[in-house]
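Student: One structure is given below, represented as structure tokens, and several questions about it will come after.
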Amino acid sequence: MALVSVTKCQGTGNDFIILDARGHADLPYAELARTLCGRRFSVGADGLLVIEHAHDRSAAAAMRTFNADGSEAEMCGNGIRCVARYLYGRDQSATRLTIQTLAGPMQTAIVDWQGATGVRVEMSIPAISVTPDNHAHGIRIDDELAPAYAVTVGNRHIVVFTKRDPSSCDLERVTTVALASRGDVTAANVELVSIADNRLKMRVYERGVGETWACGTGACAAAAAAIAAGMVATPVLVESKGGVVSVAWDGPGCPAVLTGNAELVFHTEVDVNLKQNVGARLSVAPSGSQVAP
């Protein structure tokens, strides 16, 4: 058994477990993610966020992102908001930070978001395929040929625009068709998006997780594709099952800027059986589990 201190957090319903690994020996993070993220037998989350010391002295910390299945993602927009909020909770002067990720350094800022503490993140520069002669494909959704664009925002996405309400569609089937159209069945997230009044409504199927309540990089990918294609104007609100974020993008060569909520839910300690990998047993810390600041 290993006793591990963790923090549960969420950004727009995309929930994570934060493990602050600075000053500790490396743990088997992939196995830990699979163990802790289980919804029925453990803490439950979409992923594990590991905070490490940054190699670049200009960065406050480094973030690694592990999906619920143990696979490592390059970047997580909602996750980095949660990490920035976590660091701010421990140092009220940490209102502007650089955080290293596998997708490069990201700039974060603590802001007001709908009357509460939120985080703005300067994300990667989107790379988008938006024209028919640049590998944009249509995805068949019943009798609709929905335009689909490949977008990279630190990690890979396929954004599918539909005239239907995304909630009425079979997301798993759309995901299968979208990935197959690229000849790649695992290495991208898929967003199914409708547009009304400069606002996007989105469902997302995340690699290594399945459908989630939100996706920060997915919101950036969808917004950037819609802006580049002339469907909406920047900034745009992106609504998912977990709530709304704002995405601003000024065009080619510019980073996407993501703003939304970030909430620390509680701190606790977990007793984890890593060898058997059959789940984690919550063990109340001496002072008890605490609601995060």
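Any read-out appearing in this document is the output of simple, stated calculations on the displayed coordinates, not a laboratory observation. This structure is a prediction, so every number in the text was calculated from the model and none was measured. Note that each Cβ is placed from the backbone with ideal geometry, even for glycine, and that neighbours are counted across all protein chains shown.
Student: Got a sec? How would L3, L237 order by Cβ neighbour count within 10 Å, fewest to most?
Tutor: In increasing order of surrounding Cβ atoms, one gets L3, L237.
Student: Just want the answer: with Cβ charges of +1 for Lys and Arg and -1 for Asp and Glu, which residue in A196, T12, L145 is farthest toward the dipole's positive end in the chain?
Tutor: Farthest along the dipole direction, towards plus: T12.
Student: Same structure, new question: Quick one: what are the phi-derived ³J(HN,Hα) couplings along region 6-20, Karplus 6.51/-1.76/1.60 with θ = phi - 60°, whole Hz, x for glycine and proline?
Tutor: 9, 10, 8, 8, 8, x, 6, x, 7, 9, 9, 10, 8, 10, 7
Student: Something else: What's the center-to-center distance, using Cα atoms, between region 43-69 and region 162-215 in Å?
Tutor: First find each Cα centre; the distance between them is then 25 Å.
Student: I would also like to ask the following. Excluding R96 itself, calculate the net charge of residues whose Cβ lies under 14 Å from the Cβ of R96, where each Lys or Arg counts +1 and each Asp or Glu counts -1.
Tutor: +1
Student: Here is a follow-up. Of V209, V151, how do they rank once you tally other Cβ atoms within 10 Å and put the fewest first?
Tutor: Exposure proxy ranking, most exposed first: V209, V151.
Student: If you don't mind, there's one more thing I want to ask. Please give the calculated 222 nm ellipticity per residue for the chain, where each DSSP H segment of at least 4 residues contributes -39500 (n - 2.57) and the sum is spread over every residue; nearest 500 deg cm²/dmol?
Tutor: -5000 deg cm²/dmol
Student: Can you sort H157, H24, H267 by how many other beta carbons sit within 10 Å, fewest first?
Tutor: Taking fewest neighbouring Cβ atoms as first place, the list is H24, H267, H157.
Student: If you fit an axis through the alpha-carbon atoms of helix 171-181 and take the longest principal axis of the Cα set of the chain, what angle between them do you get, 0 to 90°, nearest 10?
Tutor: The helix 171-181 is inclined about 70 degrees to the chain.
Student: Now for a separate question. So, by mean Cβ neighbours within 10 angstrom, what's the order for 33-42, 211-220, 58-67 with the highest one leading?
Tutor: Sorting 33-42, 211-220, 58-67 by mean packing, highest first, produces 211-220, 58-67, 33-42.
Student: For every other residue with a beta carbon closer than 15 angstrom to the beta carbon of D142, add +1 if it is Lys or Arg and -1 if Asp or Glu, then tell me the sum.
Tutor: -1
Student: Quickly rank 238-245, 191-198, 12-19 as a protection proxy: mean count of other C-beta atoms within 10 Å, highest first.
Tutor: Descending packing order for the listed peptides: 12-19, 238-245, 191-198.
Student: Next question. Run the quick spin-label model on A229 and R39: label points 7 Å from Cα toward the beta carbon, then report their separation in nm to one decimal.
Tutor: 2.9 nm
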